[in-house]
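What follows is a short report on a single structure.
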Amino acid sequence: MRAPLTRCRNRMPRPPDERSPLSSAIGRKGSSQRRRLRASCCDDRLSALTDDLLLLILRRLGTREALATAALSKRWARLPRGLDALDFRVSDILPARYFRCVRVHGEATGYTYGFNVNLKVLCASIERFERRAMRAMAASVNNFLDVDDDYDRGDGRRSVHTLKLEFFATQFSACINRLITKAVDAWGVEDLEVLAKSIFRRQDAHSFPHHGLCNNPHESRLRSLKLAACYIPPLQGFHALTTLVLQDLPGSTPTTAYEAVFTLCPQLQALHLKSCNLSQGIVSVDAPRSEIKQLIMEHCWFGQIKLYTLPVLESMAIVDTNMCLRPGMSLGLVCLSRWRHASRAFTSILPVGKRILVMTFRGSPLSSPTIS
């Protein structure tokens, strides 16, 4: 029987050292690339960066992501303490399904889907998402503060210039007061934003403890404060506070609380009232020691405000504020009398059909305002 023929029957294998120069060069190049690739995979180039560069990277991340890097190593655990701005938002915890439910509810109220949507079940789901998110945020904030207290005993205190908070006003929001007190007293916060939100279809507001924002207001560095859906805390003693924004304050806020802002905070230079529902009576502003230069009232419904004395007021704006006149009561009537202790006064009333009133006082204290 004849053996099968093969094409390479008489071909001898080439020795390894007799390869062509071209194939040897390609082999050496490929092996060197593989060695460099393995070396780059083993090297931690991110940790080789300096702390300043790593902080620049962390500042571009959200607060949740930046704080989560503390679990990487001991070095990363102390890096987030160098962040000078913190932003805690409950909206970052809410799942995407929550926003879909809110959208569907808004469309269902207009009978977009007919009667195929059970609004009662949908509202219950939305409220459940909000309570769960606020419970998770409270646990995270408490853990963050507990760890920060441990570091304060060893590596020194944190330094934060800006703190922003967004949360739901529930029974789990007590941790927010603890965080604000720690930030103002220990961290030296200069810009503070406290944005409270009501549970779905409710009108809740956040209340501060009896001592207010902090324990030592005279030593605070707070310069700018924004409160939304909160009861006005005691602001006496914050000598560095120059800018105050009050937004969505509850209608049960007494008029004395508004008047105390003018009289007990003489160092204020700018006051902005936005979407505040004042239905408790007349607000009489008589603050001869006040340093307010700018007063803005936006989307507010005032029962009546009477402005008697603001010695250094330079500009006042009334933007998209509901105003009307009826016998016996002036809604939106601004009475300016005793202007810089002068003997005469003038009264400015928003014309019918005009929704924006801007008054700028130039030159002599008794000059007429310019209305635009």
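The values are calculated or read from the model by the stated rules, or taken from the named source; none is laboratory data. All figures in this text were calculated on a predicted structure; none of them were measured in a lab. Please note: Cβ atoms are built from the backbone with ideal geometry, for glycine as well, and neighbour counts cover all protein chains shown. Just so you know, the surface numbers come from the protein's heavy atoms only, side chains and all, with ligands and any DNA or RNA stripped out. Shrake-Rupley method; radii C 1.70, N 1.55, O 1.52, S 1.80 Å.
Across segment 205-214, computed HN-Hα scalar couplings (Karplus, 6.51 cos²θ - 1.76 cosθ + 1.60, θ = phi - 60°) run 9, 8, 10, 8, x, 5, 7, x, 6, 8 Hz from first to last residue, x flagging Gly and Pro.
Ranking of 211, 272, 239 by solvent-accessible surface, largest first: 239, 211, 272 (1.4 Å probe, protein heavy atoms only, all chains present). Using the Cβ-Cβ distance between residue 289 and residue 139 with R0 set to 56 Å, the FRET efficiency works out to roughly 0.80.
Under a 5 Å amide H cut-off, with hydrogens placed 1.01 Å from N, residue 278 pairs with 301, 303 among residues at least 5 apart or on other chains.
Note on residue 48 and residue 298: with the Förster distance fixed at 35 Å, the Cβ-Cβ geometry gives a FRET efficiency of about 0.10.
Per-residue 3J(HN,Hα) values for segment 163-171, derived from phi via the Karplus relation 6.51 cos²θ - 1.76 cosθ + 1.60 with θ = phi - 60°, read 9, 10, 10, 9, 7, 9, 7, 10, 6 Hz in sequence order (x marks Gly and Pro). By a 1.4 Å probe calculation restricted to protein chains, residue 107 has an accessible surface near 60 Å², given to the nearest 10. Taking all protein chains together and rolling a 1.4 Å probe, residue 144 ends up with roughly 30 Å² accessible.
Overall form of segment 173-279: oblate. Here a/c, set by the Cα gyration tensor axes a ≥ b ≥ c, is 1.5 or more, and a/b is not larger than b/c.
Placing 128, 221 in order of accessible area, with the largest value first and a 1.4 Å probe, yields 221, 128. Amide H contacts under 5 Å for residue 87: 63, 164, restricted to partners 5 or more places along the chain or on a different chain, H placed in the peptide plane at 1.01 Å from N.
For the full complex of protein chains and a 1.4 angstrom probe, list 75, 60, 158 by accessible area with the highest value first.
60, 75, 158
Proximity of backbone amide H atoms, modeled 1.01 Å from N, is registered between residue 298 and 273, 274, 275, 319 at under 5 Å, excluding neighbours fewer than 5 places apart on the same chain.
At the residue level, residue 197 shows approximately 70 square angstrom of accessible surface with a 1.4 angstrom probe and all protein chains present.
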